[in-house]
Amino acid sequence: MDKNTLDKTDIKSLSLQELKKEMEVLGEKGFRAAQLYEWMHVKLARSFGEMTNLSKALREKCEERYHYTDLKILQVQQSRLDGTRKYLFELSDGNVVESVWMQYKHGNSVCISSQVGCRMGCRFCASTLDGLERNLLPSEMLDQIYAITAHTGERVSNVVVMGTGEPMDNYDNLLKFLRMLTDENGLHISQRNITVSTCGLVPRMKQLAEEKLQITLALSLHATTDEKRKKLMPIANKYSIDELMEACAYYFDLTGRRITFEYSLVGGVNDTDEDARELIELAKPLCCHINLIPVNPIKERDYVQSEDGRIQAFKNKLEKNKINCTIRREMGRDIDGACGQLRRRHIKEEKQC
């Protein structure tokens, strides 16, 4: 961001109450805050200039005082297989993030990024290969949804914070984003239609539980023993599976919301009958759902997807033991559908220019 932008208040990250205080400072009536908030978070205006019921003088004051987040669409890829769209957005500082728009029978879902890059180092994920650049602001998380809604002309009913980045590593901004997304004065998306993923930052999982939100918490588990998980996910060196399971139980006790275990099946690594048995033992004491994910291969790693028969056998073994599970429907496989792939390709192309 340039110096002028850094000096300005990020207006799209302000809650309605905060915006009311801002209007007071400007000497404006309180109802102007509600008008501004509606333009930004309901009508999804892309600039102050679109806010036609505000005076020209107020719009000019806003232009001078505030930074207005308006993500620029650099690229859209659309799957020929299922209509999934992958968006590459440019931020005001030139960084890029990606989001995915998916159509389901129950409504449109958007998967958003929470950081520029990621520092978690998970071995099967392209998002983390170049490390962490910075956290996204609440406005930048919201505007991924807003820009996609404007582009598609269709309402988003489900939001998944499972794109690039570790949401719990950007906790304060994440929490504000969740409150604004579900605010009755904004898009008012139901908390029950929001999923937040984490690789397992135990203290933050417990902190989120204490907020007693009704969102779904998805834990990227991917292995059933500490030894195997450490090979896939460096975060496992800090928090053991026992600690993770305790945090999951704590989350359920405080919120009453069933936990989701994300389990990427990597051929010959974590898809054996023994892995299935160990996963059953972990899942049985908890109220949870297991989402089996055929891993999306990335060229920088040598992991391969489990064979279809092995995936089905793994699922059958869980179901025979009364474990609720599904195989994630593969969306956008033909358009760099996995987290971080499109962004990484764009950065590589930019460096070659």
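Observations on the structure shown:
- Mean residue ellipticity, 222 nm, helices only, the chain: the sum of -39500 (n - 2.57) across DSSP H runs of n ≥ 4, divided by residue count and rounded to 500, is -11000 deg cm²/dmol.
- Within the chain: Cβ-based charge dipole about Cα centre, in debye rounded to nearest 20 (Lys, Arg +1; Asp, Glu -1): 500 debye
- Shape of the chain, Cα gyration tensor, a/c cut at 1.5: prolate
- Residues of region 65-91 with amide N under 20 Å of a point placed 7 Å along Cα→Cβ from Val25: 65-70
- Gaussian network model of the chain, Cα within-10 Å springs - most flexible of Asn108, Asn237, Asn158: Asn237
- A simple spin-label model places the labels of Asp226 and Ala249 1.7 nm from each other, with each point 7 Å out along Cα-to-Cβ.
- For Lys21, Lys320, order by how many other beta-carbon atoms lie within 10 Å, fewest first: Lys320, Lys21
- Most mobile of Ser55, Ser109, Ser157 in a GNM of the chain (Cα contacts under 10 Å): Ser55
- Global form of region 3-67, assessed from the alpha-carbon gyration tensor, a/c cut-off 1.5: rounded
- Mean Cβ count within 10 Å, highest first, over the residues of peptides 9-17, 303-311: 9-17, 303-311
- Applying the criteria of a DSSP loop state and at most 12 other Cβ atoms within 10 Å to the trypsin sites (Lys or Arg not before Pro) of region 231-291 yields Lys238.
- Taking 0.36 nm per residue of separation and subtracting the Cα-Cα distance, full extension of the segment from Arg80 to Asp172 would add 29.3 nm.
- Qualifying trypsin sites (Lys or Arg not before Pro) in region 116-177, DSSP loop, other Cβ atoms within 10 Å at most 11: Arg155
- Alpha-carbon centroid distance for the pair region 72-147 / region 204-230, whole angstrom: 21 Å
- Projecting label points 7 angstrom from Cα along Cα→Cβ for Ala150 and Thr52 puts them 1.6 nm apart.
- Ranked by how many other Cβ atoms sit within 10 Å of their own Cβ, fewest first, the residues Phe48, Phe31 fall in the order Phe31, Phe48.
- With a Förster radius of 45 Å applied to the beta-carbon distance between Lys43 and Asp242, the computed FRET efficiency rounds to 0.40.
Quick note: the coordinates plus some simple rules give every number you see, no bench work behind them. All of these numbers come straight from a predicted model, not from anything done at the bench. Don't worry about glycine lacking a Cβ; one is built from the backbone with ideal geometry, like all the others, and counts go over all protein chains shown.
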